[in-house]
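Trainee: I'd like to ask some things about the structure below.
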Amino acid sequence: MPPSRVVRHRSERDRWEMIHGAPDPRLRGYVGSYCSYDERTGSFARRRELPSDRVVLIVNLGRPIRVLARGGDADWTVQPDGFLAGLSDTYAVTETRGAQRGVQVDLTAVGAHLLLRLPMHEVTGRVVTLEELLGRSGALLREVVAEADGWEGRFAALDAFFVDRLDQARSPVPNVTRALGRLRETGGAMRVGALAAELGCSRRHLVAQFREQVGVPPKLLARILRFERAVALVDDAAPMGWAEIAATCGYYDQAHLVRDFRQFTGSAPGDFARRRLPDGGGTVGD
């Protein structure tokens, strides 16, 4: 299949190519997307990786990546082969030596829980190596992806790996998948009490299920979804004022938006906007 999106950037000191693709249809609801990337950067070495509702798996095919997971052990780790980053309530920092190449897999939280057979609260705010995550299978996965021919071969290798694990995966808990769907539909605007009532369960029960299968409470996930919508408006070609963005995304007021931006990005909204890179490049770190 053709890629779903190709993003290329070239400037005086930086260049990157990102080829996005959809996984095998059988993985729908478990794996969101693949991205094969190759970049050379001279104007920056660090990025701030923002909180998301997706669990990120990196298969590294280039130089080692240094990662600072600020929500976990708060210390730099070196990741030569790749890693998985759990959901978090703040940003992480990645550092490369001017070059980076590999594949990013965006898993849904429930998909990571079921395909990787992982209690999600164990990786909340943390980064774990492929070996810690998958044992010998992690090293084999990297080898297969590294030897594959082009982005098509890399995506096919990942499809084969995840479809094989899908055969042994348990079925997702309906309450969690329905709750996630409702939170995404409302852009994080639905209150947890109303969500639990709609699902016919207690708030405590819903929070416990989220801890196991998502890794963060539904209230925090709702905040992350609202924040992601605000970031999309910051990146939009038609600029909006901060007060308008706050109102559109369901914040109480602009001060409420500022608090979330400081927690999730480490910066006030204006500084965050200045740190954004063009053409899907992410956010510059310190």
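Trainee: Just to check your reading of the model, which residue among Val231, Val144, Val163 is crowded, with 19+ Cβ neighbours inside 10 Å and under 23 Å from Ile58 (Cα atoms)?
Mentor: Val231
Trainee: Next question. Residue pairs, Cβ under 8 Å, 6 or more apart or interchain, first in region 120-139 and under 25 Å from Phe210 (Cβ atoms), second surrounded by 21 or more Cβ atoms within 10 Å (Cβ to Cβ) and among the hydroxyl-bearing types (Ser, Thr, Tyr). List them.
Mentor: Thr124/Ser88; Gly125/Ser88
Trainee: Right, another one. Taking Arg48 and the conditions (1) under 30 Å from Asp164 (Cα atoms); (2) under 16 Å from the mean Cα position of the chain (by Cα); (3) surrounded by 20 or more Cβ atoms within 10 Å (Cβ to Cβ), which numbered condition does it fall short on, given that it satisfies the others?
Mentor: Checking Arg48 against (1) under 30 Å from Asp164 (Cα atoms); (2) under 16 Å from the mean Cα position of the chain (by Cα); (3) surrounded by 20 or more Cβ atoms within 10 Å (Cβ to Cβ), the one that fails is (1).
Trainee: Hey, could you check region 75-102 for residues that are in a loop (DSSP other than H, G, I, E, B), within 13 Å of Gly125 (Cβ to Cβ) and not aromatic (Phe, Trp, Tyr) and say which is farthest from the chain's Cα centre (by Cα)?
Mentor: Applying the first criterion (in a loop (DSSP other than H, G, I, E, B)) to region 75-102 yields 75, 80-81, 86-91, 96-98.
Among the residues that remain, those that are also within 13 Å of Gly125 (Cβ to Cβ) are: 75, 86-91.
Narrowing the set further to residues that are not aromatic (Phe, Trp, Tyr) leaves 75, 86-90.
Working: Asp75: 20, Gly86: 8, Leu87: 8, Ser88: 10, Asp89: 12, Thr90: 12 Å.
Checking each candidate, the answer is Asp75.
Trainee: Would you please name the residue that is surrounded by the fewest Cβ atoms within 10 Å (Cβ to Cβ), looking only at residues in region 54-88 that are at pLDDT 95 or above and touching a Leu at 6+ places or on another chain (Cβ under 6 Å)?
Mentor: Asp81
Trainee: Do we find that Val231 is in contact (Cβ under 8 Å) with a residue 12 or more places away in the chain, hydrophobic (A, V, I, L, M, F, W, C), under 21 Å from Leu107 (Cβ atoms) and in a loop (DSSP other than H, G, I, E, B) in this structure?
Mentor: no
Trainee: Within region 12-42, track down each residue that is free of Cβ contacts under 8 Å to residues at least 60 places away in the same chain and assigned to a loop (DSSP other than H, G, I, E, B).
Mentor: Glu12, Arg13, Ala22, Arg28, Gly42
Trainee: If you don't mind, another one. Just the residues that are in a helix (DSSP H, G or I) and not aliphatic (A, V, I, L, M), please, taken from region 103-130. Working first, answer last.
Mentor: Applying the first criterion (in a helix (DSSP H, G or I)) to region 103-130 yields 109-115, 120-123, 130.
Residues satisfying the conditions are Gly111, His113, His121, Glu122.
Trainee: So which of Arg154, Arg142, Arg191 is at pLDDT 95 or above, more than 17 Å from Ala22 (Cβ to Cβ) and basic (Lys, Arg)?
Mentor: Arg142
Trainee: Residue pairs, Cβ under 8 Å, 6 or more apart or interchain, first in region 177-190 and more than 16 Å from Glu228 (Cβ to Cβ), second among the aromatic types (Phe, Trp, Tyr) and part of a helix (DSSP H, G or I). List them.
Mentor: Ala179/Phe210
The values are calculated or read from the model by the stated rules, or taken from the named source; none is laboratory data. These numbers come from a predicted model, not from an experiment. Cβ coordinates were reconstructed from backbone atoms using ideal geometry, including for glycine residues, and neighbour counts include every protein chain displayed.
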